[in-house]
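Here is the structure we will look at, set down as structure tokens.
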Amino acid sequence: MPFPGLKPTATSGSNAGPLAGQVALITGSESGIGRETARAFCRQGAAVVLNGRQATRLEATRQALAAEGYQVAACVADVTDYAAAERLIATAITTFGRLDILVTNASISMRAYFRDLTPEVFRQVLDSNVYGSVYPLKAALPYLILTRGSVTFISSISALNGMPSGSAYCAGKAALANLAHTLRLELADTGVHFGVVHIGFTQNDADKRVLDAAGRSVPIAYRSPRWQKSQAEVAASILRHVRRRRRRTVVSALGYLILVVHTLLPRLGDWVVRASQRRLRNFYE
Ligand SMILES: NC(=O)c1ccc[n+]([C@@H]2O[C@H](COP(=O)([O-])OP(=O)(O)OC[C@H]3O[C@@H](n4cnc5c(N)ncnc54)[C@H](OP(=O)(O)O)[C@@H]3O)[C@@H](O)[C@H]2O)c1
């Protein structure tokens with residue numbers, strides 16, 4: 001239900017659905033899981049604001065979703081730059097008049113051991129995961145309070161127990177869980193939902209790149225396809241999490257296993273990871 005002073009989004013036949021009239025903004029949605037999450041929200045009737053840093057790829061995604069009949073806008077913005085994050089939120093407000101759902105999905109990942117990592121690469125990866133969530137949220141919060149909206153930080157199962165060759169990434173993703181918890185306490189009377197989704201291994205776009213120790217873009221480390229969920233499956237989990245206003249969603253069975261072992265038998269968990277590091281080097285490096 002639109003709030004006084006907030007313009008509802010226009011709805012049409014193709015935009016009918018449980019989220020009709022709502023506006024979702026998904027950072028890092030020009031590709032990968034973010035793009036499929038945008039599509040999942042569109043299918044439920046939401047108007048969606050897309051984001052990324054590469055204008056050509058972002059526009060191609062916007063056009064693809066628009067051609068499917070969905071209400072979409074796009075804004076090129078680096079979410080680790082506060083002024084750009086403000087511009088991104090302004091796009092949602094000027095285009096659709098309101099903001100109901102924020103999913104902070106943009107992230108840079110890595111494959112490098114801490115010992116080899118330059119401080120600059122550590123900072124870049126950490127910033128993309130922490131400030132890349134904090135800045136859009138900070139700019140969006142007044143609008144989300146008006147709609148009693150929903151905020152979801154996209155994290156990883158690797159934040160539940162740490163992962164060799166992922167120090168800055170795991171640290172950033174773990175910080176998001178604590179941030180969501182603190183904001184839930186601090187802003188309880190606003191009615192805004194704060195949640196975290198811990199995603200497990202997922203099929204990647206062929207051109208997905210992560211940073212190595214020196215900051216070069218390299219392909220992601222090998223993951224067996226039988227451990228990977230599809231991007232559409234993960235997007236459906238994110239959608240369910242937002243609609244049910246859950247505090248935490250752990251997407252994969254492996255994620256639940258990590259959570260249980262880490263909580264109840266942490267030494268066993270570490271032993272398993274260290275053994276896998278010896279036997280499955282290409283999984284980490
Ligand atoms: N794939 C997996 O197996 C997996 C597992 C666990 C968690 N996750 C999490 O799921 C989310 C999506 O992952 P993915 O696999 O879809 O990754 P991806 O294909 O690399 O997508 C990440 C998106 O974020 C954008 N991005 C990166 N930095 C940005 C910035 N500073 N400002 C704006 N956009 C930025 C990227 O586009 P540009 O670089 O062009 O800006 C890209 O569109 C991430 O948070 C990731 O950590 C993924």
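Over the Cα atoms, compute the radius of gyration (one decimal) and Dmax (the largest Cα-Cα distance, rounded to a whole number) for the range 133-285, in Å.
16.8, 52
Given H placed 1.01 Å from N in the peptide plane, which residues other than close sequence neighbours of PHE194 have an amide H under 5 Å from its amide H?
The answer is VAL151.
By per-residue mean of other Cβ atoms within 10 Å, what is the highest-first order of 103-110, 165-172, 52-59?
Put in order of decreasing packing, that is 103-110, 165-172, 52-59.
Per q in 0.08 1/Å, what log10 I(q)/I(0) does a Debye calculation on the alpha-carbon atoms of the chain return?
Here log10 of I(q) over I(0) equals -0.32.
With an 8 Å Cα cut-off and a minimum separation of 6 or more residues, compute the relative contact order for the chain in percent.
17 percent
Quick one: Cα convex hull volume of the range 72-164, Å³ per residue? Mind showing how you got there, number by number?
Working: hull volume 9.9 nm³, N = 93.
Roughly 107 Å³ of hull volume per residue.
For the chain, modelled as a GNM with alpha-carbon contacts under 10 angstrom, which of ARG248, ARG274, ARG184 fluctuates the most?
ARG274
Can you tell me which of 78-84, 123-129 comes out highest on packing, and rank the rest after it, using the mean Cβ neighbours within 10 Å?
My ranking of the peptides, most packed first, is 123-129, 78-84.
FYI, it's all coordinate maths here, none of it is from the lab. These numbers were taken from a predicted model, which means no experiment stands behind them. FYI the Cβ positions are ideal-geometry reconstructions off the backbone, even for glycines, and counts take in every protein chain you see.
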